[in-house]
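Right, one structure below, let's go through it.
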Amino acid sequence: MQAKKRYLLLFSCCAFLSFGYFGYHHFKIHRQNKWYLHLSSYSEDSDIVHDEDISPSPRFRNRRTTRENGDGNAFRECQMETCFDFTLCEKGFKVYVYPIDDNAPPSSNYMKVLTVVQDSNYHTSDPSQACIFILSLDTLDRDTLSKDYVRNMPHRIQRLPLWNNGQNHIIFNLYSGTFPDYTEDLGFDVGKAILAKASISYENFRTGFDISLPLFYKTHPERGGDDGYLESNKFPGTKKYLLSFKGKRYVYGIGSETRNSLYHLHNERDIVLLTTCKHGDSWKEYKDERCDHDNAEYDRSVSKKL
């Protein structure tokens, strides 16, 4: 009887040890087969310098300005020392404007930019003498809904023999994306080109390389008028309006929250904000209680100068 108990106890111990060993081994194999345990870290070594809350996430930083050439090399970190060929400027600072493509004529607005450059002392018609290159393809308006939007831009640019991944080129842009999101995707890869852009975000701006432009409208004159004459040394000058704005007030999409929060500044005296909700095809679906009044006031002031 005692022998049976000893054998039973020994068998139980062996079974317990076997279960513990093989159970742990199975758990270890099962854990190793979990694919998500082998994923690379979301953060990067460079993230140690991005310890402030205002810093964009690693994923957003990697995506924000990805500009790749055919080999997949990114130019999002371009600087003058890395993406600009200074040897082309040893003969002088000359600017070459590509010949107009009859199949893609530039808009009147972009034509003003090209004309000013061509009429300047810096222009050259010989690309071998050029330090800077400017496309004749209209890149000012990259809103796909715009009548000035040039289609098949990647194909058109890659056919240019002087493109060279955009090196020593300047790309001008005022509008990108479409309502309501207005992303900064131009629809083509600028590569090593300098981007002269209006409303460019801090995240996409390559400091010391890109150029921030003011937004100018189609009616902006090609050149300034006559020389001004100083009539008074009074500062600040006497002006009728301290602040004025006349334009669209988006009722949804990017920019809507900012513009809609400024209406209370309008006092009809020295601060005048005239806005209309009429923008896009869906504005009536999203219009707020102020839209009817704002639209009427905007329409009444069509000829009013601010």
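Where a number appears in this text, it was derived from the coordinates with a stated rule and is not lab data. Given the structure is predicted, the values throughout are model-derived calculations rather than measurements. We place every Cβ from the backbone using ideal geometry, glycine too, and count neighbours over all the protein chains shown.
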Step through the residues of the range 85-100 one at a time and calculate ³J(HN,Hα) from phi using the Karplus curve (6.51 cos²θ - 1.76 cosθ + 1.60, θ = phi - 60°), rounding each to whole Hz and writing x for Gly and Pro. 9, 6, 5, 6, 9, 5, 8, x, 8, 10, 10, 9, 9, 4, x, 5
Built amide H within the under 5 Å cut-off of H169, gap 5+: F133, I194
Debye log10 I(q)/I(0) at q = 0.14, 0.15, 0.18, 0.21 Å⁻¹ for the range 58-213, Cα point scatterers: -0.70, -0.81, -1.20, -1.62
Pairs over 29 Å Cα to Cα, from K91/K192; K147/K248; K112/K246; K218/K240; K239/K287; K112/K240, come to K239/K287; K112/K240
Take the alpha-carbon centre of the range 238-261, take the same for the range 125-171, and report the distance between them in whole Å. 33
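At a temperature of 37 °C and a viscosity of 0.692 mPa s, determine how fast the range 243-300 diffuses translationally according to Stokes-Einstein, using the Kirkwood radius over alpha-carbon pairs as Rh; express D in µm²/s, rounded to the nearest whole number.
Details: Rh = 11.6 Å.
In µm²/s, the coefficient rounds to 284.
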Please compute the length gained on full extension between R159 and E289, using 0.36 nm multiplied by the number of residues separating them and subtracting their Cα-Cα distance. 41.6 nm
Computed FRET efficiency, Cβ-Cβ of K218 and S120, R0 22 Å: what is it to the nearest 0.05? 0.55
Tell me, what ³J(HN,Hα) does each residue in the range 142-147 have, in order and in whole Hz, if you take phi through Karplus 6.51 cos²θ - 1.76 cosθ + 1.60 with θ = phi - 60° and put x for Gly and Pro? 9, 7, 4, 8, 7, 6
